[in-house]
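The structure appears right after this line, and notes come after that.
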Amino acid sequence: MLRLFNTHNVRKVESLEGEWEFQPLGGNIPEPADGHPRYKMPVPGCWEMHPRFGTYQGKAAYRRTVEVAKDTALRLSFQGVSHTADVYFNGNHVAHHYNAYTPFSAVIAHVPAGRHELAVEVDNSFSEASALHVPNDYYTYGGIIRPVSVEYVSELFMERIAFTPRMAKGVWEADITVYVRNIGTETSSIQLRGQLADEQLAADVVQIGGGQVKAIALTHSFPDVHAWSQTNPQLYLLEMTLYAEGSAEPVDDLIERVGFRTVTTLNNRIQVNGEDVVLKGFNRHEDHPIVGASFPYQLMVHDIDLMVEAGANAVRTSHYPNDERFLDLCDERGLLVWEENHARGLSLEQMKNPNFERQCEDCNREMVESHYNHPSIIIWAILNECASDTHEGRAMYKKQLEQIRGLDGSRPLTFASHHRERELCFDLADIVSFNLYPLWYGDEDPGELSDQARGWADELGGLGKPMIMSEFGGDGHYGLRDPLNRVKGSEERQADIIGRNLDAYTKRPFISGMFIWQFCDCRVTEGTGWLLARAGTQNSKGIVDRYRRPKLAYDTVKPYFRQPEGK
Ligand code: ADA
């Protein structure tokens, strides 16, 4: 399953899900003398699922054939390869991509009918070349972890659609921009037509030069549509079809699924469709003991069902862009999403890695462009707990927030900070967000600390801005029960900590959101130093364990999350 809805009727799309040939390259795993890969590996999947490669970090080659029925141009679409990919088609290098969590594609202009070889060299090792995937409090799996597909495209096709809804004098309108690519050598005249709900859309004839991409914009009113909201997540299919000028025969099509909603931050609060909301939910890593980071649809559903059952109305994609199908589910369920770029806890020294800024800016662009149309995403964020307390770090925060604002002016921006009164970047964001762990990393009272945090925000550039408690919680080792002493690490203590945090935050009107750290326990990098504090090489602050078995804290959450708004 590539998306939770059909994206094409004209363009032929084939999933490349299945068993690919697999061969680790280097490391202490012998390579076959005949050069023929020795193993088979499911795609999508993490190679850590294989009994021989549970801890393998390094390079590996995936290989399969692709049957092409007729002469065509192909677009290879990769939703996520962890963490660096080099793609070869019949031995020719056609794509390079860094970052496990954002999609990329490769277009091959002239492919004759017949059998072709597709090979992907994947690398999940840590090195100077990788500024974002570093030893960390989550695990960098290896493999082609998200879906891959091959699309038959003509010389002219639609790369993407950006849908921006707004309310104008009580009627929903939308700006729709279609990015059309011409991989031919000649200039072509094209026309776009489309429909959404019962409205027919049409753009004027446009010329596109050979090798160019053209953004074709149209604006339309939709008087009869219903808003997307948490309680009524109304979705519509936006179908665009591309024609050569004067022809009735469609050349290409692209179907997006959209929702009409607005997000604002007025008077210290966050609004969806003008209504104040308080975000109550979880930080969720894409991590599971059986599938690693490569989630099948039903396990995504299971996570969302557990979060909604606990009363959550929001989820933070800590600390990277998520699988598009998970976001599709959030669109359908009315779950509000804080999506963020890929970074966790990078020091200024790490931010000075010569690859850091480019890798972040690539991630930001790919995240916003590929996930732009999800109504559930109401906040973009960057650089969790990085060096926003330094002037050099501030320059990078400023540049990235401006980049994202330039890509999308319709959503508020934030970043999660743990720098307290040393924070230098609150003035750059629309929402101020704090990662604080009262009662776990210190014995401060959650209420007093959040009052103090509001003070820091007001003094440091966050005055009048909504405030989110973006992380709080504590370890709770599944099965470690201690009803008498309730020592740190027991389920009882974790429940107590989360309960006291929620009790404080739900009583404070100046808090517009709270995300428990974290939804599920997750595997972390086996390391030294602070990582040694992760018993069992996992972060055990989930309110469910890695197998999604609820801990005592799971029930603690319910009365606070299910509390009616505004109480
Ligand atoms: C930080 C970080 C999280 C996690 C958490 C913890 O706030 O943002 O990713 O590492 O600490 O468990 O201590």
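Since every read-out is calculated from the coordinates, none of them should be taken as a lab result. Here the structure is a predicted model, which is why all the values come from computation and not from measurement. Neighbour counts run over all protein chains shown; Cβ positions are idealised from the backbone, glycine included.
Using a cutoff of 8 angstrom between alpha carbon atoms and counting only pairs six or more residues apart, the relative contact order for the chain works out to 12 percent. For segment 156-258, the equivalent ellipsoid built from the Cα gyration tensor has semi-axes of 28, 12, 12 Å, listed from largest to smallest. Ignoring the sites themselves, the chain has its longest run without chymotrypsin sites (Phe, Trp or Tyr not before Pro) in a DSSP loop having at most 16 other Cβ atoms within 10 Å at 127-440. Here the mean projected area of the convex hull built on the C-alpha positions of segment 18-146 is 8.2 nm².
Each Lys and Arg contributes +1 and each Asp and Glu -1, all at the Cβ; summed about the Cα centre of segment 156-258, the dipole is approximately 340 debye. Dividing the convex hull volume of the alpha-carbon atoms in segment 487-567 by its residue count gives 106 Å³ per residue.
First select every other residue whose beta carbon is under 12 angstrom from the beta carbon of Ala387; then total the charges, Lys and Arg +1, Asp and Glu -1. With Lys, Arg at +1 and Asp, Glu at -1, the net is -2. With respect to the cross-link table entries Lys280/Lys558; Lys59/Lys352; Lys488/Lys551, which display a Cα-Cα separation exceeding 19 Å? Flagged as over cut-off: Lys59/Lys352. Among the GluC sites (Glu not before Pro) within segment 228-298, those in coil by DSSP and having at most 11 neighbouring Cβ atoms inside 10 Å are Glu245. With the simple spin-label model, which puts each label point 7 Å out from Cα in the Cβ direction, the His226 to Ser127 separation comes to 5.4 nm. Between segment 40-90 and segment 454-497, the alpha-carbon centres lie 40 Å apart.
Seen from Arg405, the other residues with C-beta closer than 12 Å to its C-beta sum to a net charge of 0, counting Lys and Arg as +1 and Asp and Glu as -1. Per the Cα gyration tensor, the chain maps to an equivalent ellipsoid with semi-axes of 39, 31, 21 Å, ordered largest to smallest. A straight Cα-to-Cα reach below 19 Å connects Lys70 with the lysines Lys12, residues fewer than 8 places away in its own chain not being considered.
The modelled label-to-label distance for the pair Ile29/Thr55, using points 7 Å beyond Cα in the direction of Cβ, is 1.5 nm. Among Val81, Val557, the ranking by other beta carbons within 10 Å of each residue's beta carbon, starting with the fewest, stands as Val557, Val81.
Spin-label pair Asp204-Glu186: with each label point 7 Å from Cα along the Cα-Cβ axis, the two points sit 2.4 nm from one another. Each 5 Å bin from 0 upward holds the following percent of the Cα-Cα pairs of segment 348-390: 5, 18, 24, 22, 15, 11, 5, 0. Measuring nothing but alpha carbons in segment 263-562 and taking Rh as the Kirkwood radius, the Rg to Rh ratio lands at 0.94. The eigenvalues of the Cα gyration tensor, multiplied by 5 and square-rooted, give segment 335-449 an equivalent ellipsoid with semi-axes of 24, 19, 12 Å from largest to smallest.
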